[in-house]
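*Asks:* Questions regarding the structure given below will be posed in turn.
The values are calculated or read from the model by the stated rules, or taken from the named source; none is laboratory data. Keep in mind that this is a model prediction, so the values were computed, not measured. Don't worry about glycine lacking a Cβ; one is built from the backbone with ideal geometry, like all the others, and counts go over all protein chains shown. Side chains included, ligands, DNA and RNA excluded: accessible areas come from the protein's heavy atoms. Shrake-Rupley method; radii C 1.70, N 1.55, O 1.52, S 1.80 Å.
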Number of protein chains: 8
Amino acid sequence: MQTWRLYLSGEIHTDWRERIRAGIDEAGLPVEISSPVTDHGLSDDCGARIFGTESDPFWHDRKGAQLNAIRTRGLIAAADIVVVRFGDQYRQWNAAFDAGYAAALGKSLITLHEPGLDHALKEVDGAALAVARAPEQVVAALRYVIHGQLDG
Amino acid sequence: MQTWRLYLSGEIHTDWRERIRAGIDEAGLPVEISSPVTDHGLSDDCGARIFGTESDPFWHDRKGAQLNAIRTRGLIAAADIVVVRFGDQYRQWNAAFDAGYAAALGKSLITLHEPGLDHALKEVDGAALAVARAPEQVVAALRYVIHGQLDG
Amino acid sequence: MQTWRLYLSGEIHTDWRERIRAGIDEAGLPVEISSPVTDHGLSDDCGARIFGTESDPFWHDRKGAQLNAIRTRGLIAAADIVVVRFGDQYRQWNAAFDAGYAAALGKSLITLHEPGLDHALKEVDGAALAVARAPEQVVAALRYVIHGQLDG
Amino acid sequence: MQTWRLYLSGEIHTDWRERIRAGIDEAGLPVEISSPVTDHGLSDDCGARIFGTESDPFWHDRKGAQLNAIRTRGLIAAADIVVVRFGDQYRQWNAAFDAGYAAALGKSLITLHEPGLDHALKEVDGAALAVARAPEQVVAALRYVIHGQLDG
Amino acid sequence: MQTWRLYLSGEIHTDWRERIRAGIDEAGLPVEISSPVTDHGLSDDCGARIFGTESDPFWHDRKGAQLNAIRTRGLIAAADIVVVRFGDQYRQWNAAFDAGYAAALGKSLITLHEPGLDHALKEVDGAALAVARAPEQVVAALRYVIHGQLDG
Amino acid sequence: MQTWRLYLSGEIHTDWRERIRAGIDEAGLPVEISSPVTDHGLSDDCGARIFGTESDPFWHDRKGAQLNAIRTRGLIAAADIVVVRFGDQYRQWNAAFDAGYAAALGKSLITLHEPGLDHALKEVDGAALAVARAPEQVVAALRYVIHGQLDG
Amino acid sequence: MQTWRLYLSGEIHTDWRERIRAGIDEAGLPVEISSPVTDHGLSDDCGARIFGTESDPFWHDRKGAQLNAIRTRGLIAAADIVVVRFGDQYRQWNAAFDAGYAAALGKSLITLHEPGLDHALKEVDGAALAVARAPEQVVAALRYVIHGQLDG
Amino acid sequence: MQTWRLYLSGEIHTDWRERIRAGIDEAGLPVEISSPVTDHGLSDDCGARIFGTESDPFWHDRKGAQLNAIRTRGLIAAADIVVVRFGDQYRQWNAAFDAGYAAALGKSLITLHEPGLDHALKEVDGAALAVARAPEQVVAALRYVIHGQLDG
């Protein structure tokens, strides 16, 4: 059976990735999960710590962002399905950027956010094949997509 | 001489598009400018007004977002250069989505925003070939790219 | 201003193409319209009449279908927007085939059909950016997409 | 030896998939079979059951169709050969849509239908590399394609 | 109206290109015709005459073939329809090579040859959308493809 | 270590494929070999035998050629390196077609033929990265390409 | 008649571009010439002068190089033929980079350099369809490619 | 866990590849390393030794360069990340060519060179996602990209 590759983009301050991972494990789905580096500090400083410090924060950020891009672009390009999570806090422009990037590559896109963000995310949702409200819905969708099964 | 196609994505509440357009006109650059529909109300309601009202705002938004996508995806795909403007207000996830979409298509990306947004936009800037602070810098960059000329 | 290329696929027994064409002319939209050969008899017999008759109707049809494909695939590939019309009669598998072909090429897809066909067309509609009920809605959508204008 | 990936699209009310599967098993062919969800009720309701009910059947259908699209587009894109079955009943526009989608992606297409549908399917057949009348012919074709062997 | 780009590959010792050109002119079709250099001697020696002689005929041929490739690949890539003519004489492997090249790029392919070559050309014909026996059939096909018209 | 996929196209009446296979086996190279069906009679008749006889040899050939195309196009698309062998006999237009098809897909092309065919094959050779005279040279090239080793 | 787009990459300290341009003008060839910005100082400083100075020369260079890339990548992607000139002085890694970039995009590549550089440039020449020693040879090649004519 | 494919292009006279390999082994990273043939003499002479000697060194080089291209293009196309090393000696145009080739294919590019080469390499660095000064930094970057871990 084919393994489905899932990339989990977006919010890093809640446990939504863990809930999706737990659900996939519990259901025994043949899914290989990948994600960006979710340690905020590491993600910010990785470039400067490996390749040398920068006095200007703009270039400090650039070094980190481009090193992270080696990871994220590679994983999105390899993914079958990209889930993008938007939370209430922070601007999360990188999540929306990933969504656009995935859409242009023809990946199946699932967004995950509260109804309160619907209007602000209407363009992103309009490019998605599903809009989920809870991580468990993502797991249920994967189970259906892979096995054609629904609960109860 | 080749005409360069420029798509102007993002913020719709300030005059940055007009300033770029005026600068291009003044410099006589062979640039064809396109942009999303920038009338906020029209952009929100276009789908429902043409194809019929929806009681659920989620689907009201969907109809509008997908009708707008006919315009925006067509114009981004046809563009040589995509400028994405981020302002202080609103979440502007559609701007970041456009940036990701353009990047995945291999378009030359220029971002336009204040330094105060640098950290939040570091992934988007990392995919761009230039980060501008003012519309006039975008015009100067276009003049250089097209004619190889700098001011003074 | 950019000219938008529109391909009109599907039903050939009603006047929907003429109504779209009249609306585009009236609105003065910069749209170049193309369509399959809509003379049913010609479309069936073109291959055999040009390249020689076939005793087996299967190959008679093949010759015609592949000659028509030179036209239709070329025009769909060149189109920005593909409108696919489904009527009450006939199976119209070629219309659905064109819709799938256009979707895979990343064209903006608009379907045009009565609500009574919604359930049967749900997969095709799910790949479309708009579902219209009348040719005049297609014209209104094009006017919005191109000029950002809505009626009164 | 290479495994060939086969996607079986179309009619869900007869046993043609089982007959192909049985034939492949019997011949021991290195073929990995995939297909859409063939439980009609599940396929219709999956979206609403996972992501929430809709009062309007149009959006109920949309949610289901797009969730199914995550499965079908992923599997067609991964397939080497796509078989599309048309039966006497139902309009099966999704089957023709899949055929067009597969053709535009350059997949090897095999159609499977009775001669009575030949004229209605001439465009789809014209894009196919083989037209089969029985599931056993599909199996024989696969055996030939993979092993270069024919029966007795 | 769209101009169709036609590339005429293959045999250079008969007047088939002139007959197609005359027919297109007479019918007033919006077709832009291109072809390889059909002066046999020039085509063989162009590389050595421009870039310097070679003592080894193998490299003499290489220089010429690759210079011709700048022309032929560019024109095939730009073509909508590629006609490949096979005659009785010579091996014409470059014609078959062009046919394969055009097929892989998704161009609409028309072959033009006598029935006596059918068996030897079955793979090439199998990739073509039409098999013509006379240049006038190619013109008639183009007229149908472009205008949807057949003769009397 | 990566496995290299090799497709062997062309002449079916000499033992060149066996000599390449034996050389690869002897050298223990990680190469997966594929080829068209090389039984001439099967290859001609496969379509008619599986899908039904045809009274017209043209369509008999078409059925066979297109069934073979499922195999050959799939294998060429999956190949890293395509070797095309031309012999003294037969027109072998399908070999030249495969070469053009492989070249357009960006595959590494190696031709294999006697010097006596050099002039007739100059366009095909001009698209190749190597021209071999003997199967053993192909094996030596593969050994070098994969392991960076030369004999003695 | 089709206009051919020519991009002239590489050395900026001799008059080779002018000689090609003069030859094209004299021959009246339908060629549209483009090139990088050839004013060395402007090319180095453009980024910093438009977008602001940098204290670190590494980022000064980065700003300029990426602004130039908007021009060069756009023009190479639009070109039919890319000529890359290597001179005796400087490392000219950007010329070799452009050659690799053009080759991967499938552009027709012509190199232009003295025989003394042959060995050092063998990989680049191996990806080219012609190796010229003088600008006038490039003009003669273009005249042949476009008009099928040779001098005297 | 996914295996990352790394291609190491450029300088062949220092031990940088060994240091990267040792670092990857020590860190136990799931990385598959590939590289060009790094034996200078073999790399120069491989074509002539396998396919026959050439009296003209230009064609001697051509034969070798194109045989090497079978290896290098195949491996670059298969790579996720391409590291290009530039040293103080030699012109290394093939390294810059590889960088351009990899960039056009959308590979993640890392350059590795001393600060003294920064200005000469600014265009290549501008296309890279990271610029390293030591092989150990490349290993650290890979460790971060794959595992999201940094040292102490």
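*Asks:* Tell me which of these residue G:62 doesn't satisfy, since it passes every other one: (1) modelled with pLDDT under 95; (2) open to solvent by less than 20 Å² (accessible area, probe 1.4 Å).
*Replies:* Of (1) modelled with pLDDT under 95; (2) open to solvent by less than 20 Å² (accessible area, probe 1.4 Å), only one is false for residue G:62: (1).
*Asks:* Right, something else. Would you check if residue G:2 is farther than 16 Å from residue G:141 by Cβ and surrounded by fewer than 19 Cβ atoms within 10 Å (Cβ to Cβ)?
*Replies:* yes
*Asks:* Right, next: Check F:97, F:86, F:51 and return the single one that is touching a helix residue (DSSP H, G or I) at 6+ places or on another chain (Cβ under 9 Å), of a type in the set (Phe, Trp, Tyr), at negative phi and touching a residue at least 40 places away in the same chain (Cβ under 8 Å).
*Replies:* From the options F:97, F:86, F:51, the qualifying one is F:86.
*Asks:* Can you confirm whether residue H:44 is free of Cβ contacts under 8 Å to residues at least 12 places away in the same chain, closer than 24 Å to residue H:89 by Cβ, acidic (Asp, Glu) and out of contact with any Phe, Trp or Tyr (no Cβ under 7 Å at 6 or more places or on another chain)?
*Replies:* No, not satisfied.
*Asks:* Yes or no: region C:5-28 includes at least one residue that is at pLDDT below 95, over 10 Å from the mean Cα position of the chain (by Cα), part of a loop (DSSP other than H, G, I, E, B) and more than 11 Å from chain D (Cβ to nearest Cβ).
*Replies:* The answer is yes, given that some residue of region C:5-28 is at pLDDT below 95, over 10 Å from the mean Cα position of the chain (by Cα), part of a loop (DSSP other than H, G, I, E, B) and more than 11 Å from chain D (Cβ to nearest Cβ).
*Asks:* Also, quick follow-up: Just the residues that are more than 9 Å from chain B (Cβ to nearest Cβ) and either of a type in the set (S, T, N, Q) or out of contact with any strand residue (DSSP E or B) (no Cβ under 8 Å at 6 or more places or on another chain) (or both), please, taken from region A:40-49.
*Replies:* Narrowing region A:40-49 to residues more than 9 Å from chain B (Cβ to nearest Cβ): A:40-43, A:45-49.
Residues satisfying the conditions are A:40, A:41, A:42, A:43, A:45, A:46, A:48, A:49.
*Asks:* If a residue counts only when it is of a type in the set (A, V, I, L, M), which helices (runs of 4 or more DSSP H) contained entirely in region E:36-152 have at least 2 such residues?
*Replies:* Where helices (runs of 4 or more DSSP H) fall fully within region E:36-152 and carry at least 2 residues being of a type in the set (A, V, I, L, M), they are E:40-51, E:57-78, E:93-104, E:135-147.
*Asks:* Further, regarding this structure: Can you tell me which residue within region C:36-59, out of those that are aromatic (Phe, Trp, Tyr) and either out of contact with any Lys or Arg (no Cβ under 8 Å at 6 or more places or on another chain) or under 22 Å from residue C:109 (Cβ atoms) (or both), is most open to solvent (accessible area, probe 1.4 Å)?
*Replies:* C:58
*Asks:* Taking the conditions exactly as written (within 8 Å of another protein chain (Cβ to nearest Cβ), open to solvent by 20 Å² or more (accessible area, probe 1.4 Å), farther than 21 Å from residue G:44 by Cβ and in contact with a Leu (Cβ under 8 Å, 6 or more places away or on another chain)), does residue B:120 satisfy them or not? Step through it out loud before you land on a result.
*Replies:* Numbers: within 8 Å of another protein chain (Cβ to nearest Cβ): yes; open to solvent by 20 Å² or more (accessible area, probe 1.4 Å): yes; farther than 21 Å from residue G:44 by Cβ: yes; in contact with a Leu (Cβ under 8 Å, 6 or more places away or on another chain): no.
Taking the combined requirement at face value, the residue does not satisfy it.
*Asks:* Restricting to region F:70-103, count the residues that are crowded, with 22+ Cβ neighbours inside 10 Å and facing chain E (nearest Cβ under 7 Å).
*Replies:* Residues meeting the conditions: 9.
*Asks:* Right, something else. If residue D:114 satisfies all but one of (1) more than 24 Å from residue C:59 (Cα to Cα); (2) more than 12 Å from the chain's Cα centre (by Cα); (3) surrounded by fewer than 23 Cβ atoms within 10 Å (Cβ to Cβ), what's the number of the condition it fails?
*Replies:* For residue D:114, the exception is condition (1).
*Asks:* Tally up the residues in region G:123-152 that are more than 30 Å from residue H:44 (Cα to Cα) and within 14 Å of chain H (Cβ to nearest Cβ), please. Explain how you work it out, then say what you get.
*Replies:* At the first step, the residues of region G:123-152 found to be more than 30 Å from residue H:44 (Cα to Cα) are G:136, G:139-140, G:142-152.
Filter once more, keeping what is within 14 Å of chain H (Cβ to nearest Cβ): none.
The qualifying residues number 0.
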